[in-house]
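Worksheet: one structure, shown below.
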Amino acid sequence: MSDWIPSTLPAGTAGSAALQGFLLCLGLIVAIGAQNAFVLRQGLRREHVGLLAALCSASDALLIAAGVAGVAGLVAAHPGLSRWMAVAGMLFLLAYGLQAWRRAWHGESMAVAAGPGLSRRAAVLQLAGFTLLNPHVYLDTVLLMGSVGAQWPGPTERTAFVAGAALASTLWFHGLAYGARAMAGWFARPVAWRVLDTVIGAMMLALCAGLLPLALGR
C-alpha cells in the first residue's frame, strides 16, 4: 500500500500527508484481527464501549507518532525485539482462542449477554494484551506507517500524517464498537454467541500460528 499512495497524491502539503495517513491506516486496521474481534464482542455486549474504542484509537495514534519520530529505525536495528514480541503474542492469542472455544463448547455463550461481563479493569487489561502483545500492531503502526510518515519533509506534514491516521483509527473503532449494537437482536439468540465464539477462537489460533515463523526467527 505504501508503494502506491505516495504516487497518487501531490507532495509537500499537509492535506496530502493527512490523506495519506488516513488511507494507509484505514487499509491496515480494517482487516480482521484480534483487537477488532475483541472490540466487536464488547460492543455486542455493550460493555465499556466508548472507553475501549478510545483506547484503541489513542494507542494507534501514539504508536504511529512514535514510529514517525524515529522508533522504526530502532526496532529495525534490533530484530530480536520482534522475536520476543512474537512469542508473547502467540501465548496470549493461544490462551484467548482456547478460552473462546471453551465458552462455545460448554454452552457458556448462551448466558453471556445476561450474565456477568468483564469489569472495566479486566476489559482494559485484555485490550492491552491484544494491543501490546501483538507484533503485527508494531509492524503496521511503528514500522510500516512510521517509515512512510517519516518520509514527509517537514514537521507540519509529519504531524498531519499522524493526525490523518489517528482520524481513520478513531472512525473505525468507534464505528465498530457502536455499530455492533445494530446486530444485538440477532445475537440475542444463544446459537449466535456459540458461532461468534467459535469463529473468534479459530481466528485467534490462526493468528497465533501466523506468528510462529517470526517467533522462530525465520
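The values are calculated or read from the model by the stated rules, or taken from the named source; none is laboratory data. Small disclaimer: the values here were computed from a predicted structure and weren't measured. Ideal geometry is used to build each Cβ from the backbone, glycine not excepted, and the neighbour counts take in all protein chains shown.
Taken as a whole, the stretch 112-125 holds no residue that is assigned to a helix (DSSP H, G or I), modelled with pLDDT of 80 or more, surrounded by 14 or more Cβ atoms within 10 Å (Cβ to Cβ) and not aliphatic (A, V, I, L, M). Checking each residue in the stretch 145-180 for being crowded, with 19+ Cβ neighbours inside 10 Å, modelled with pLDDT under 90 and farther than 30 Å from Arg46 by Cβ picks out Met145, Gly146, Val148, Gly149, Trp152, Glu157, Arg158.
Taking the stretch 132-176 as the range and being closer than 30 Å to Gly80 by Cα and among the polar types (S, T, N, Q) as the test, the residues that pass are Asn134, Thr141, Ser147, Gln151, Thr159, Ser169. Picking from residues in the stretch 198-218 that are modelled with pLDDT under 80 and more than 25 Å from Ser59 (Cα to Cα), the one that is surrounded by the fewest Cβ atoms within 10 Å (Cβ to Cβ) is Arg218. Within the stretch 133-158, which residues are assigned to a helix (DSSP H, G or I) and without any contact (Cβ under 8 Å) to a residue 60 or more places away in the chain? Scanning the stretch 133-158 gives Leu139, Pro155. Each residue in the stretch 43-57 was checked for being touching a Leu at 6+ places or on another chain (Cβ under 7 Å) and modelled with pLDDT under 85, and 0 of them qualify. Considering only residues that are closer than 27 Å to Arg181 by Cα and modelled with pLDDT under 70, which ones fall in the stretch 1-42? Within the stretch 1-42, Val30, Ala31, Ile32 qualify.
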